[in-house]
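Shown next, in structure tokens, is the structure this report addresses.
Each reported figure results from applying straightforward, stated rules to the coordinates on display, with no laboratory input. Owing to the predicted nature of the structure, the values given are computational and were not obtained by experimental measurement.
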Amino acid sequence: MDREKQVLFAGFGGQGVLSMGQFLTHIAMNAGKEVTWVPSYGAEMRGGTANCLVTISEEEISSPLTENPMTAIIMNRPSLDKYESRIKANGTLVINSSMVDRLPEREDLNVLQMPVNQIAAEIGNSKGANMIILGAYLEKTGLIEVEEALDYFGVVFKGKNEKVIEENKAAFMAGVEYARRQW
């Protein structure tokens, strides 16, 4: 087993890709882990491509970069097209099936699909798609305990309106519940 867990988040700017990575970084740090967060985005931000790589380890991290992460959380089709081939064999691919209109071509990946945008619409929070998929991912993998993440929302979203914090928590929990029921 790899001592470092690397998670690639990828999608369009405006989908909360960088925020997902930052949130995971903060909660992992709070859980006493070593972490790195490496963002990358096009010049256009909203609508352009964005991705970030989060590395989590029990030990000092040797390098914050990798060409082949073990996990990718993919929010749109162009990101699947670009990153599918880079995921390590037997890795995990989490796909927003609301925005990806094809199945992965590789058969050596653990593929988890969820209609993230549809779930966001059902709970009345179109901006919560990123928290939905992150909640589902954490519930499925146990990388960071859901309870630890919930306890940390107020810190990560410090300075935000209480309603925004509660909406993000609700979106996160919608993802957790989806993972419990479907995966």
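So what is the 222 nm mean residue ellipticity for the chain from helices alone, if each DSSP H run of at least 4 adds -39500 (n - 2.57) and you divide by all residues, rounding to the nearest 500 deg cm²/dmol?
-12500 deg cm²/dmol
Along each of its three principal axes, how wide is the spread of alpha-carbon positions in the range 43-168, in whole angstrom units, largest first?
So the extents along the principal axes, rounded to whole Å, are 42, 38, 33.
Using 5 Å bins from zero, what percent of all Cα-Cα pairs in the range 27-105 falls into each bin?
Whole-percent P(r) values from 0 Å outward: 3, 13, 21, 22, 19, 13, 7, 1.
With the chain treated as a Gaussian network of Cα nodes joined by springs under 10 Å, which of Phe12, Phe153, Phe172 yields the largest mean-square fluctuation?
Phe153
Quick one: P(r) of the range 96-173 from all Cα-Cα pairs, 5 Å bins, percents rounded to integers, in order of increasing distance.
3, 15, 23, 21, 18, 11, 6, 3, 1
Checking the table Lys33/Lys82; Lys33/Lys127; Lys33/Lys140; Lys88/Lys169; Lys88/Lys140 against a 26 Å threshold on Cα-Cα, which pairs fail?
Lys33/Lys82; Lys33/Lys127; Lys88/Lys169
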